[in-house]
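The values are calculated or read from the model by the stated rules, or taken from the named source; none is laboratory data. No experiment lies behind these values; they were computed from the predicted model shown. Methodologically, a virtual Cβ is constructed for each residue, glycine included, from the backbone with ideal geometry; neighbour enumeration extends over all protein chains shown. The area values use the complete protein model at the heavy-atom level, side chains included, leaving out ligands, DNA and RNA. Shrake-Rupley method; radii C 1.70, N 1.55, O 1.52, S 1.80 Å.
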Amino acid sequence: TSRFSHALVSNLQVSLDWYRIEITDKIRQMFPEQYVQYCYDARYNPDFSLSNQWCTMFARDSATGEIEDIRNINWNAFNWDTSGLDLQVDWRFDLGPGQVGVNWFVSWQDEWTESVIDSSASTEYSGTIAGYPGFSQPEWKSNLHLSYAWRDLTLGAGWRYISAMTDVFVPEYQTPSVDYFSLDASYEFSSGPLEGLSFVLGIENLTDEDPPILDGRQANTDPSHRDRVAFMRVCSGKFERG
């Protein structure tokens, strides 16, 4: 937080955070085919023992040898490790009759590793896109919002950046980096019968960027990271009377 009294930097705040998060024995439902794959993989079953945890999750017909009785359950199967840096800048200063506002957040992900318990197998997911919501892990993300407030009116513009990612299931395919732009305006009634009411109007994905298509996956993309179409949002606040 700025300790300077100069009007240009008196309202400047900067934060830099390093994080490291470790989750051990994470509970998750496994895919049935993973049990068979892990049972016969030396990384997960070094001795190829039939008593290995992965081999006990299914059985075989004694006559035909075909797989049967797969136990498709939630269980403690993975360890997660992630680390990175987050930078945030909040800045306000007077310019002309109003005030400029700057809010900028940048995130760099150093690693996002998933390892299987009781094995030497691990996978690095940082910089990959999965195709189902919430699991894509871009290495870089940035979100910048600029605003100008004058009396009861505030105008704003935003820029959101997501770095390129590799398809976790098809490593030969890479989704490009993307830039999303937005515009917004808000008006708050400070007097009169509508005092306390605010009206907000905004346009997201101004340039109508299409999301990458990941064939055969849920939603055919990851909507938690990629916008689908440009759209307008209109909302209003609430006001109270004593």
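Note on region 1-45: residues that are of a type outside the set (A, V, I, L, M, F, W, C), open to solvent by 50 Å² or more (accessible area, probe 1.4 Å) and over 20 Å from the mean Cα position of the chain (by Cα) amount to 13.
When 163, 177 are screened for being within 18 Å of the chain's Cα centre (by Cα) and more than 29 Å from residue 28 (Cβ to Cβ), only 177 passes.
In region 138-156, is there at least one residue being closer than 19 Å to residue 28 by Cβ and within 21 Å of the chain's Cα centre (by Cα)? So far as region 138-156 goes, no, none of its residues is closer than 19 Å to residue 28 by Cβ and within 21 Å of the chain's Cα centre (by Cα). The criterion of at least 3 residues that are touching a residue at least 12 places away in the same chain (Cβ under 8 Å) and surrounded by 13 or more Cβ atoms within 10 Å (Cβ to Cβ) is met, among strands (runs of 3 or more DSSP E) falling completely within region 47-157, by 74-95, 98-116, 140-150.
Just give me the residues in region 158-188 being open to solvent by 90 Å² or more (accessible area, probe 1.4 Å), in a loop (DSSP other than H, G, I, E, B) and aromatic (Phe, Trp, Tyr), in sequence order. Passing the criteria: only 169.
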